[in-house]
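Some notes on the structure that comes next.
The values are calculated or read from the model by the stated rules, or taken from the named source; none is laboratory data. Here the structure is a predicted model, which is why all the values come from computation and not from measurement. Backbone-built Cβ (ideal geometry, glycine too); neighbour counts: all protein chains shown.
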Amino acid sequence: MPYRLAPASFRGQVIAIVALSLAVVALAVVMVRETVQSTQQSLLDEAREQCRAAARELALQLRERQAYAEDPLTHLPLEAQDLSLRGLSSAVLRSYEGISGGYFDSDSGRLLGYSFPTAATGHAPPSASTLRALAAQPDSVSVAGLTVFAAESSEPLSIISWTSKTVVAVNPLGGRLFWSASLALAALLGLVGVVSIWLNLRRGIDDVRDGLQKLETDFSHRLPAAAGEFSEITQAINQMAARRAALDEEYRRQDRLAALGKVVAGVAHEIRNPLNSMRLTLELLARRLDARQVQAAIAEVDRLDAILSRLLAFGRSTPHHPLSQDIAPLLDRAVKMIHEQRRQRDIRLDLQIEPNLKAVVEAAGIEQVLINLLLNATEAAPPGGEVKVSAHRADDAVVIQVADNGSGIPAHARPHMFDAFYTTKPHGTGLGLAVSREILLRQGGNLEFETSDAGTTFSVRLPAKGAPA
Amino acid sequence: MKTAFSLLLILSGFGSAFFAVHAYDDKDKKAERRLQERTDSVAKKLARCQAWNTSDLNRFLNSKASALLERAKTSRADHFMADRLLRAAGELLEASEEVFKVSTKPDDSAPKEKAETARELEKDYFRVQQGDYFAGLSGEADAAAWVKHSRSLYQQARAAYDAGRFRKARRLGHAADAVIDALEYLAQARVRVPEPPRLP
């Protein structure tokens, strides 16, 4: 048994696809989450460094100011201290995007020199408890949620320098609820999609199975039109059924013909012997009695014999030996054979034969076919009408066409034109076309016709080379 | 005995009150005296600088200092304000003096002064950066011109530093710094900044 990567059953494949899809979605969610957390952490780390640097610079500038100013800050009232320190912090923090900060006098518990020069909108300083906590742990950096705080002592002063930055939440699409809802929706859509595909395929498979079951007993049944890939399958099955129905019909026809041929051959053989005796007797009588009346009886016996010959030819399935034959002499002989009938109806003959045309056939059978077709055309054409005969090469075949300018074959008769014993002529036997087609089929050829109100054209197709099929 | 003790207590109470009032009077007088000394000092310096009205900038600085001195004299009731105004005037005269010295004193800088000059210019630069903030609070109608002069002085200082004239650079940088100091004093004097909030 060959190794299979996927489950063999369709249901198993669907389950596998669903499971894989869910796994991929889950993996994607985990990866996005990891990326978001990593990015958030990077932003926090960067903010820690910036806050630490800003707090140090605030402390440095305060010490410088205290050391070099003629009027030390600590000697000023708190209002003036706040004003001057605000000037200091705004100048320092201008270089630090998104960072607010200032000073905190741990002795008086006052916030001094608070500024946020890069803020676009309103802002507020941290709460007193936060600042007290910062003052309790100078020279440190702390993080509360997405906000980073840094504190730096300004010894020997009791003023603490502090800075703060709130980083942007890397959560552009709304957080856990969004991801949960997205995951659920994606899973639901995936599930609906897969189930929908599964149901469609199941329905298609059911239709094909039901159709094939009906076709087992009824070749005329056709599968209903399907959508998508199943339309190709149903079309192929319908075409196969049509071909099989045609083949089946052909086999039945062959069977009927074979059975009929056996019966006809037997009957003809049984009739022919007494008919020969009758003819001999009639010839004997003709010498003794009135020859004219007897000759008429002999003619009728000859006609019966001719009919029997055709019947025998129809039922015979003897092997034949095709040879490469020139088509032109065959046609010439056939045309000469019907000369009298043509003369009586004043039918013109237009004969066009491509030079050096050869077909691999048995000459006698083909000659009989051509005579049949020429006689039919002569009788179908109106008096004074015309029969056109042409022969030419077409691919690996030689095509001989016999066309009359009669009124065409009636529609109801067309399906039965090659049926044995079917005839539209008052005195026809219904064997000419059936026998002709049978002869051609046995030699690898074919016989077809086209008809309209302007006349009928029979086309004989003969193998141009090689042995017949 | 009891009466004598009571008299002693009364006398001591009067004595304490006397000394307290006397101490307050002393403190007030001290402040008044310091203010007067500063006023005199600024006035002397102004008189000295006005003799050096050698450039437009000198004249500008001297005139502003003169105006501030007059304002200080009329604001003596508010010691802090008067003190701030006098200090502002003093800073402007300091700047004026530095500007004058730059144009008159020879610059015999030594290369070893380079590092010290760089450090001072760094501080001056940071100070000039605060100019706009204090200008906005100073209440001076032409405070923007003060800041402009300060920046110009710093740029000249920087150019002098690049040229190796370190003493000149320090003087100009100091002048730029002093103008901003004056603005800060004016802001402290004028703006009644509300007390920082008492933390809850």
Notebook entry, point to check: A:Leu433: hydrophobic (A, V, I, L, M, F, W, C), in the same structural domain as A:Leu330 (by TED's automatic domain parsing) and at pLDDT below 90, yes or no?
Noted result: yes
Item checked: Filter result (assigned to a helix (DSSP H, G or I) and facing chain B (nearest Cβ under 7 Å)) within the range A:71-85 -> A:Leu78, A:Glu79, A:Ala80, A:Asp82, A:Leu83, A:Ser84
Notebook entry, point to check: So which of A:Gly145, A:Gly98, A:Gly113, A:Gly122 ends up being under 23 Å from A:His75 (Cα atoms) and either of a type outside the set (D, E, K, R) or over 60 Å from the mean Cα position of the chain (by Cα) (or both)?
Noted result: A:Gly113
Checklist line | Filter result (more than 10 Å from every other protein chain (Cβ to nearest Cβ) and among the hydrophobic types (A, V, I, L, M, F, W, C)) within the range A:86-110 | finding: A:Leu93, A:Ile99
Next item on the list: Scan the range A:33-54 and give yes if some residue there is more than 60 Å from the chain's Cα centre (by Cα) and within 29 Å of B:Glu91 (Cβ to Cβ), otherwise no.
Entry: yes
Check: If we only count helices (runs of 4 or more DSSP H) wholly inside the range B:99-200, which ones have 1 or more residues that are out of contact with any Ser or Thr (no Cβ under 8 Å at 6 or more places or on another chain) and at the interface with another protein chain (Cβ under 10 Å from one of its Cβ atoms)?
Finding: B:114-129, B:131-138, B:166-190
Item checked: Residue that is surrounded by the most Cβ atoms within 10 Å (Cβ to Cβ) [pool: residues in the range B:46-81 that are in contact (Cβ under 8 Å) with a residue 24 or more places away in the chain and within 14 Å of chain A (Cβ to nearest Cβ)] -> B:Met81
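Table: residues versus (1) surrounded by 18 or more Cβ atoms within 10 Å (Cβ to Cβ); (2) in contact with a strand residue (DSSP E or B) (Cβ under 7 Å, 6 or more places away or on another chain); (3) among the aliphatic types (A, V, I, L, M).
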{"position": "A:Arg343", "(1), (2), (3)": "no, no, no"}
{"position": "A:Ile347", "(1), (2), (3)": "yes, yes, yes"}
{"position": "A:Asp350", "(1), (2), (3)": "no, yes, no"}
{"position": "A:Ala359", "(1), (2), (3)": "yes, yes, yes"}
{"position": "A:Gly365", "(1), (2), (3)": "yes, no, no"}
{"position": "A:Leu373", "(1), (2), (3)": "yes, yes, yes"}
{"position": "A:Asn376", "(1), (2), (3)": "yes, no, no"}
{"position": "A:Pro382", "(1), (2), (3)": "no, no, no"}
{"position": "A:Ser390", "(1), (2), (3)": "no, yes, no"}
Notebook entry, point to check: For the range B:13-58, which residues satisfy the criterion of being basic (Lys, Arg), at pLDDT 90 or above and in contact with a helix residue (DSSP H, G or I) (Cβ under 9 Å, 6 or more places away or on another chain)?
Noted result: B:Arg38, B:Lys45, B:Arg48
Notebook entry, point to check: Is it the case that A:Ala67 is within 14 Å of chain B (Cβ to nearest Cβ) and within 30 Å of A:Arg110 (Cα to Cα)?
Noted result: yes
Checklist line | Subset of the range B:82-98 (residues that are within 14 Å of chain A (Cβ to nearest Cβ) and among the acidic types (Asp, Glu)) | finding: B:Asp83, B:Glu91, B:Glu94
Note to self: Take A:Ser115 and tell me if it is modelled with pLDDT of 90 or more and in the same structural domain as A:Glu49 (by TED's automatic domain parsing).
What the structure shows: yes
Margin query: Which count do you get for residues in the range A:208-219 that are part of a helix (DSSP H, G or I) and at pLDDT below 85?
Written below: 3
Next item on the list: Kindly state which strands (runs of 3 or more DSSP E) lie completely within the range A:315-422 and contain at least 3 residues that are more than 22 Å from A:Thr456 (Cα to Cα).
Entry: A:323-326, A:358-361
Note to self: Looking at A:Phe178 and the list (1) under 15 Å from A:Glu97 (Cα atoms); (2) not acidic (Asp, Glu); (3) not in a strand (DSSP E or B), which single condition is not satisfied?
What the structure shows: (1)
